[in-house]
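The values are calculated or read from the model by the stated rules, or taken from the named source; none is laboratory data. Every value quoted in this text rests on a predicted model; they were computed, and no experiment measured them. Don't worry about glycine lacking a Cβ; one is built from the backbone with ideal geometry, like all the others, and counts go over all protein chains shown.
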Amino acid sequence: MAKKRWIRSPEKKPKPQVPATEKELIEQQCNDFINKELKPKFIKQRNEDYQ
């Protein structure tokens, strides 16, 4: 049975950071899409006689 040995792994490169302004723009576009497209299709109003 072969012995396991410790091997030094190479350093990981840091992930690039997304600018805050771009995050805000994407979030605004997603919220607009949700409010204009998805909510009218999938969220229905309750009946008036529902209790």
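Below are the figures for this structure:
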{"quantity": "Subset tally (residues that are under 27 Å from the mean Cα position of the chain (by Cα) and of a type in the set (S, T, N, Q)) for region 31-51", "calculated": "2"}
{"quantity": "Qualifying residue in region 33-46 (condition: surrounded by fewer than 10 Cβ atoms within 10 Å (Cβ to Cβ), modelled with pLDDT of 90 or more, part of a helix (DSSP H, G or I) and among the β-branched types (Val, Ile, Thr))", "calculated": "no"}
{"quantity": "Checklist (1) under 16 Å from the mean Cα position of the chain (by Cα); (2) surrounded by 10 or more Cβ atoms within 10 Å (Cβ to Cβ) applied to residue 17, failing item", "calculated": "(2)"}
